[in-house]
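**Student:** Supplied in structure tokens, the structure appears directly below.
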Amino acid sequence: MPNIEETYDIVVVGAGHAGCEAALATARLGLKTILFTVSVDSIAMMPCNPNIGGSSKGHLVRELDALGGEMGKNIDKTFIQSKILNASKGPAVHSLRAQADKQAYSREMRRTLENTDNLVIRQAEVAEIVVEDGKLTGVKTVSGACYHCKAAVLATGTYLKARCIYGDVSSYTGPNGLQAANHLTDSLKAHGIEMYRFKTGTPARVDKRSIDFTKMEEQFGDERVIPFSFSTDPESVQKEQVSCWLTYTNERTHEIIRSNLERSPLFSGSIEGTGPRYCPSIEDKVVKFPDKDRHQVFIEPEGLDTNEMYLGGMSSSLPEDVQYAMYRTVPGLEQVQIVRNAYAIEYDCINSRQLRPSLEFKNIEGLFSGGQFNGSSGYEEAAVQGFMAGVNAALKILGREAVVLDRSEAYIGVLIDDLVTKENHEPYRMMTSRAEYRLLLRQDNADLRLREIGYRIGLVSETEYQKVLYKEAKIASEVQRLEHTNVGANAKVQAILERHGSTLLKTSATMAELIRRPELSYEALAEIDAEREELAEDIVQQININIKYEGYIRRQKQQVSQFKKMEKKKLDINMDYSQVGSLRREAVQKLNLYKPESIGQASRIAGVSPADLSVLMVYLEQQRQQKRQE
């Protein structure tokens, strides 16, 4: 009996957060797309924490939304608690975080996929990529079926040769006991793709009925919820929210962990994969931070229709009996009943330095890659990579230029640039500290930064684009008005200043000068500003930030201008750096390995010094003059 053969424009392998965004992007751009998953029940599954967003991750989700992605819209429909993190700090580090109803999130994303034109979902394991003359031409499943395509996006997450471990128990399955994908790795290696073995982990899920919440601190959501998506009506997300809870480990917890370290596969050597530095297991924390007498444990609901609770901060791969013993030392968990054991998961992923900034493999044309398969961690990091890989796969087929966001444009640009230019020997996690221009790359202005790019790609509607143009114009005109509106030292003004604990005026001042005072704001001065019109909350927020941080913003824009000059100095990706005289040997090796696309990218490669960059600049100038003479 002959094997099935079908033809599509694009194949997407994996239906986690990266695969969903990739498939939606390509299908919405009019390309016939097939999305493969080992189980349709695992579409947009949240196998670890039950939340979207968080520090720096909230930035990624809002940027994704501004570009035309789905994650922000989906969590707005399915969240059960929402809050802004770091609200007491400056706006650069404010990050939105929402607790998700896991089942509802997955179900809603699946509904969106199933009702998207040009998109077919297929439950099957992809076992092989088909490459002819360095170009991807299709994929094959374990059954032998062949799916011809013009491009493919690999978004396999943590499923490739996955192994779940706790104590002496080891099972070759993907997360939540789902089928692993055991065949594709060999095909990728056969085509010269370098693979890594990484590890991540998850804590136990416990029965809500066995928790004593009176011994814990209740954690509430924000009174006024801010939606993730710029398209979501803010009034539609004002709803009753559930509580989360905070408790702590103690010395007894740590004692149990220390006395059982030899039974931990993490320390016994039976786990080969490298784990995430910034999301360590509880046994890792106890060993690496011996001076800490307690660690936070967040008790988070997994959804509205389940009693399962997630023990955030206590992921582990310790044996079952040790898990029970350590969890029951935590206040409020003395009688806790485990529903699902904590476990570590090992999986195959790629060395992401094999990718171009477009997320296309350097040595296989038409093959793109996104998500945890690229050596990153987190739902949000996965989603934005899947989206960018899908967009660039589609644009390649459509004969259009790839979209590459740079470090001055988006956290997405920082994330991808770090993955393709730096040595990542552990799962990469996005953090605000990684972004050099974070005052410009705030989550609140993601639409102002990126809506136009989403519109140019074709994933943001005319209506949404016009909304952001209107917003931009309103902010600019109002800031301009405030810079040129004077107020005198009259009784009404002085009363307002006194009420807010602000120094009284001796002479007149502009409204903008008053807003720059830390204790004042645009809203606080409403009574003495007769000319102002009623403006939306998000516009008011931008006015406040633009005026208060004007000096810092101007300085950072100057830094970006210098950065852009370096990025514009393009390098030939086929250049042989051994032919460039005066480059140090290490620089030659690293530059030939990475094949940077610009001087800016070369500057971020470990082992390339400022002196090497100067040599390259001189070489480029010599080449330019030589071409001119010819």
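The values are calculated or read from the model by the stated rules, or taken from the named source; none is laboratory data. Computed from a predicted model, the values in this text were never measured in an experiment. Because the Cβ atoms are built from the backbone with ideal geometry, glycine has one as well, and the counts that use them run over all protein chains shown. All accessible areas refer to the heavy atoms of the entire protein, side chains included, with ligands and DNA or RNA removed. Shrake-Rupley method; radii C 1.70, N 1.55, O 1.52, S 1.80 Å.
**Student:** With θ set to phi - 60° and the Karplus curve 6.51 cos²θ - 1.76 cosθ + 1.60, what are the ³J(HN,Hα) couplings of the range 392-406 in order, to the nearest whole Hz, using x for Gly and Pro?
**Tutor:** Each residue of the range 392-406 in turn: 6, 5, 5, 5, 5, 5, 7, x, 10, 5, 5, 9, 10, 7, 9 Hz.
**Student:** Filter the GluC sites (Glu not before Pro) in the range 152-261 down to the DSSP loop ones having no more than 13 other Cβ atoms within 10 Å, then list what survives.
**Tutor:** Those that pass, being in a loop and sparsely packed, are E194, E223, E240.
**Student:** From zero up to wherever the largest Cα-Cα distance of the range 50-182 sits, split into 10 Å bins and tell me the percent of pairs in each.
**Tutor:** Answer for the range 50-182: a P(r) of 10, 25, 31, 24, 8, 1 percent.
**Student:** Where a ≥ b ≥ c are the square roots of the eigenvalues of the C-alpha gyration tensor, would you call the range 349-417 rounded, which needs a/c under 1.5, or, failing that, prolate if a/b is larger than b/c, or oblate?
**Tutor:** It is oblate, given that a/c is not under 1.5 and a/b is not larger than b/c.
**Student:** Ignoring everything but the protein chains, give the 1.4 Å probe accessible area of M46 in square angstrom, nearest 10.
**Tutor:** Accessible area of M46: about 10 Å².
**Student:** Translational D (Stokes-Einstein, µm²/s) of the range 482-630 at 4 °C and 1.567 mPa s when Rh comes from the Kirkwood sum over C-alpha pairs?
**Tutor:** 65 µm²/s
**Student:** Taking a probe of 1.4 angstrom, what is the accessible area of D41 in Å², to the nearest 10?
**Tutor:** So the heavy atoms of D41 present about 110 Å² to solvent.
**Student:** Can you compute 3J(HN,Hα) from phi for each residue in the range 342-347, using the Karplus curve 6.51 cos²θ - 1.76 cosθ + 1.60 with θ = phi - 60°, rounded to whole Hz and x for Gly and Pro?
**Tutor:** 5, 7, 9, 10, 9, 7
**Student:** Any chance you could check the Cα centroid distance between the range 127-160 and the range 52-122 for me, in angstrom?
**Tutor:** Distance between centres, Cα-based: 29 Å.
**Student:** Take T485, T7 and sort them by solvent-accessible surface of the protein heavy atoms, 1.4 Å probe, largest at the top.
**Tutor:** T7, T485
**Student:** Starting from the amide H of Q219, placed 1.01 Å from N in the peptide plane, find each other amide H under 5 Å away whose residue is 5 or more places distant or on another chain.
**Tutor:** The answer is C244, W245, L246.
**Student:** Still on this structure: When 1/r is averaged over all different Cα pairs and the result inverted, which Kirkwood radius in Å belongs to the range 379-445?
**Tutor:** The answer is 13.0 Å.
**Student:** Okay, moving on. For Y470 and N3 in the same chain, what is the full-extension length gain: residue separation times 0.36 nm, less their Cα-Cα distance, in nm?
**Tutor:** Once the chain is fully extended between Y470 and N3, it gains 162.6 nm.
**Student:** Alpha carbon centre of the range 193-209 versus the range 387-427: separation in Å?
**Tutor:** Spelled out, the Cα-based centre of one part sits 26 Å from the other.
**Student:** If you don't mind, another one. Of all beta bridges DSSP finds with both residues in the range 1-142, what is the antiparallel percent, to the nearest 5?
**Tutor:** 60 percent
**Student:** Between L261 and Q494, with labels modelled 7 Å along Cα→Cβ, what's the label distance in nm to one decimal, could you check?
**Tutor:** 6.8 nm
**Student:** In whole Hz and in residue order, list the ³J(HN,Hα) couplings for the range 416-429 that follow from phi through the Karplus curve 6.51 cos²θ - 1.76 cosθ + 1.60, θ = phi - 60°; x for Gly and Pro.
**Tutor:** These are the phi-based 3J(HN,Hα) values: 5, 4, 4, 5, 8, 10, 10, 7, 10, 9, 8, x, 7, 10 Hz.
**Student:** May I pose another question? Quick one: ranking T507, T116 by accessible area, 1.4 Å probe, largest first, what do you get?
**Tutor:** Order by accessible area, largest first: T507, T116.
**Student:** How much accessible surface area, in Å² rounded to 10, belongs to the heavy atoms of R258 with a 1.4 Å probe?
**Tutor:** Taking all protein chains as shown, R258 has close to 100 Å².
**Student:** Give the ranking of D538, D168 by solvent-accessible surface, highest area first, calculated with a 1.4 Å probe.
**Tutor:** So the residues, ranked largest to smallest area, are D168, D538.
**Student:** Per DSSP H run of at least 4 residues, take -39500 (n - 2.57); add these up for the chain, divide by its residues and hand me the 222 nm value, nearest 500 deg cm²/dmol.
**Tutor:** Rounded to the nearest 500, the figure is -11000 deg cm²/dmol.
**Student:** Related question: Taking 0.36 nm per residue of separation and subtracting the Cα-Cα distance, what length does fully extending E483 through N307 add?
**Tutor:** Result for the pair: 57.9 nm of gain on full extension.
**Student:** Further question: Indicate, rounded to the nearest 5 percent, the antiparallel portion of the DSSP beta bridges found entirely in the chain.
**Tutor:** 70 percent
**Student:** Compare the Cα positions of A410, T247, G54 along the charge dipole of the chain (+1 at Cβ of Lys, Arg; -1 at Cβ of Asp, Glu; about the Cα centre) and return the one farthest towards the positive end.
**Tutor:** Of the candidates, A410 comes out farthest on the positive side.
**Student:** With a/c under 1.5 counting as rounded, go ahead and sort the range 565-608 into rounded, prolate or oblate using the C-alpha gyration tensor (a ≥ b ≥ c being the square roots of the eigenvalues; past the cut-off, prolate if a/b is larger than b/c, else oblate).
**Tutor:** prolate
**Student:** Specify whether the C-alpha gyration tensor of the range 118-239 places it in the rounded, prolate or oblate class, a ≥ b ≥ c being the square roots of the eigenvalues: rounded for a/c under 1.5, otherwise prolate if a/b is larger than b/c and oblate if not.
**Tutor:** oblate
**Student:** Follow-up. Stretch L505-D168 to full length: gain in nm at 0.36 nm per residue minus the Cα-Cα span?
**Tutor:** Fully extending the segment from L505 to D168 adds 114.1 nm.
**Student:** Provide the convex hull volume over Cα atoms per residue for the range 375-529, in Å³.
**Tutor:** Spelled out: Cα convex hull of the range 375-529, divided by residues, is 159 Å³.
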